[in-house]
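Heads up: the structure comes next, in structure tokens.
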Amino acid sequence: MTKPVHIIGGGMAGSEATWQLVNAGIPVILHEMRPVKQTEAHQTDGLAELVCSNSFRSDDAQNNAVGLLHEEMRRANSLIMAVGDKVQVPAGGAMAVDRDAFSRVVTKNLSEHPLVTIERGEVEGLPPEDWDSVIIATGPLTSPALAKAVLDYTDEDSLAFFDAIAPIIERDSINMDIAWMQSRYDKGETEADRAAYINCPMDKEQYDAFIQALLDGPKTEFKDWEKDTPYFEACLPIEVMAERGPETLRHGPMKPRGLTNKHNPDVKPYAVVQLRQDNQLGTLFNMVGFQTKLKYGAQGEIFRTIPGLEDAKFARLGGIHRNTFLNSPKLLDEQLRLKARPALRFAGQVIGVEGYVESAAMGLMAGRFAAAERLGQTLSPPPDTTAFGALIRHITGGHMSGAKASFQPMNVNFGLFPDIEIPLKTEDGKRIRGKDKSVARKRAMSARALSDIDNWLQAQAKP
């Protein structure tokens with residue numbers, strides 16, 4: 001019988017890696033420490049629990065890099081994308097899921113698979129030597145014992161940043177005489193998508209008072225060893241954004257562009273707070289971009305000053321936790337193996353990708369690399385022209401240059417892809433300029449990526 005691969009961590013990356021291995025006929029022992037030991041952010045013992053948000057972000061494979069990554073994952077038989085497609089909730093041009101249903105279905109798929117054994121309990125320290133193939137996919141909340149063991153083994157200092165969680169509100173507590181349903185610019189193919197967000201309008205006086213309340217509100221106090229930890233720029237707490245200037249939020253998550261208040265269509269809101277559906281029943285909505293480190297009591301008081309949320313009932317308040325990631329360009333090879341001990345692979349946020357989808361994608365890659373190795377084969381990474389390949393190149397050092405270069409977590413984006421030549425003129429002879437040129441470049445990169453990932457997958461399928 002084929003020896004099992006051990007996977008530590010049952011989050012997005014660990015679940016996806018497990019799926020890829022068992023579909024290659026390789027047995028897996030999946031180690032998940034919850035509920036024996038909980039984390040600061042998780043609330044259940046389910047696999048692939050979504051903590052910060054229920055959004056997988058854009059699903060546009062032509063014009064958006066994360067949408068392209070979605071499509072590459074679907075073509076690579078991703079469990080995360082297959083389940084996500086089944087439990088979607090309306091979100092305009094984005095892909096959002098019912099987080100409880102999502103975790104429940106992923107858990108069911110893996111726990112019922114004959115090649116999967118789930119062991120509950122913490123793996124303290126480095127895995128034993130007789131585990132000859134291990135994927136560590138413990139995510140940003142890696143247990144201190146394991147994180148310290150890895151860092152001690154590699155003689156590295158940990159890099160870390162803070163990540164914040166947005167509040168969730170019960171739908172029937174939102175005053176729809178003030179708020180209205182609309183996606184920005186009415187984006188979406190269905191009526192549900194075009195009305196996927198709840199919008200709460202603010203005039204200038206209300207906005208200014210809200211910003212001042214954010215600045216004055218009591219915040220979570222950090223321990224001395226945490227105080228120099230930076231935030232991940234794509235997930236800043238709203239009060240940190242407010243500190244950068246009074247207009248910052250109005251040009252960020254509270255921007256009014258593309259929205260018309262149906263209750264007062266002739267008056268443009270000065271700012272808008274958006275809420276996105278969080279479960280399939282449509283009973284829970286999360287505050288988009290409202291990650292926060294405000295103390296719980298202050299959150300309820302301040303957020304209820306938002307028009308339409310005066311009587312808001314919070315299913316979950318916002319929070320903040322410390323994320324840890326490896327110095328992957330120095331420590332990992334292109335197969336995501338630890339150079340100092342190749343029997344250990346790493347996947348997910350702990351290697352320096354950001355976002356649910358990116359984490360799952362690196363789990364998918366780690367699973368495929370480990371499966372090929374177990375079968376006596378060598379699997380080269382996908383080309384850099386694909387979303388998979390661009391992320392691997394980022395985390396293994398292809399992006400670095402110069403003596404002062406530093407490694408920071410990254411969402412997938414077209415800036416990670418090799419450039420591509422595009423026609424300078426349209427078929428009717430008109431010169432392509434400005435925004436049209438940017439759109440043409442993204443579409444060309446996406447078309448190239450999907451062609452290249454298909455070729456890569458087909459090459460694996462050949463006997």
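Its relative contact order, with pairs defined as Cα atoms under 8 Å and 6+ residues apart, puts the chain at 21 percent.
Taking 1.002 mPa s as the viscosity and 20 °C as the temperature, the Stokes-Einstein diffusion coefficient of the stretch 1-103 based on its alpha-carbon Kirkwood radius rounds to 145 µm²/s.
Let me see the P(r) profile for the stretch 330-393: every Cα-Cα distance counted, bins of 10 Å, each bin given as a percent of all pairs. In whole percents, the pair-distance histogram is 23, 58, 19, 0. Placing unit charges on the Cβ atoms only, positive for Lys and Arg and negative for Asp and Glu, gives the chain a dipole magnitude near 1020 debye about its Cα centre. With helices as the sole contributors, the chain gives -9500 deg cm²/dmol at 222 nm; each DSSP H run of n ≥ 4 counts as -39500 (n - 2.57), and the sum is divided by every residue.
Report the one residue of ILE453, PRO423, PRO265 whose Cα lies farthest in the direction of the positive end of the charge dipole of the chain (charges on C-beta: Lys and Arg +1, Asp and Glu -1; origin at the Cα centre). Positive-end residue among those listed: PRO423.
Measuring between alpha carbons in the structure, the pairs from LYS262/LYS313; LYS204/LYS293; LYS268/LYS442; LYS86/LYS187 lying more than 27 angstrom apart are LYS268/LYS442.
Within the assembled protein chains, the solvent-accessible surface assigned to SER15 is about 0 Å², based on a 1.4 Å probe. The 1.4 Å probe gives accessible areas that order ASP452, ASP384, largest first, as ASP384, ASP452. Farthest toward the dipole's positive end in the chain, which of THR138, GLY10, ILE80, given Cβ charges of +1 (Lys, Arg) and -1 (Asp, Glu) about the Cα centre? Working it through, the farthest residue towards the positive pole turns out to be ILE80.
Between the helical axis of 144-154 and the longest alpha-carbon principal axis of the chain there is an angle of about 50 degrees.
Per-atom-type breakdown for the stretch 44-98 gives carbon and sulfur 45% of the accessible area (1.4 Å probe, protein chains only). Ordering of 367-373, 120-126 by packing is 367-373, 120-126, highest average first (other Cβ atoms within 10 Å, averaged per residue). Annotation: peptides 75-81, 91-97, ranked by per-residue average of other Cβ atoms within 10 Å with the highest first, follow the order 91-97, 75-81.
Take every Cα pair under 8 Å whose residues are at least 6 apart in sequence, average their separation, divide by the length of the stretch 56-127, and the relative contact order is 23 percent. Using a probe of 1.4 Å, the accessible surface attributed to GLU119 totals some 80 Å² when neighbouring protein chains are kept in position.
Each DSSP beta bridge with both residues in the chain is either parallel or antiparallel, and the antiparallel ones are about 65%.
Averaged over residues, the count of other Cβ atoms within 10 Å places the peptides 262-271, 341-350 in the sequence 341-350, 262-271, highest first.
Taking amide H positions as modeled 1.01 Å from N, with prolines and chain starts lacking one, the residues under 5 Å from MET410 and 5 or more places away or on another chain are VAL353, GLU354. Give me the net charge for the shell around ARG120: Cβ to Cβ below 11 angstrom, other residues only, Lys and Arg +1, Asp and Glu -1. So the environment of ARG120 carries a net charge of -2.
In this structure the chain gives 44 Å² per residue of accessible area when probed at 1.4 Å with all protein chains present.
Dividing the convex hull volume of the alpha-carbon atoms in the chain by its residue count gives 166 Å³ per residue.
The values are calculated or read from the model by the stated rules, or taken from the named source; none is laboratory data. Small disclaimer: the values here were computed from a predicted structure and weren't measured. As a convention, Cβ positions derive from the backbone with ideal geometry for all residues, glycine included, and neighbour counts pool all protein chains shown. For accessibility, only protein heavy atoms count, side chains too; no ligands or nucleic acids. Shrake-Rupley method; radii C 1.70, N 1.55, O 1.52, S 1.80 Å.
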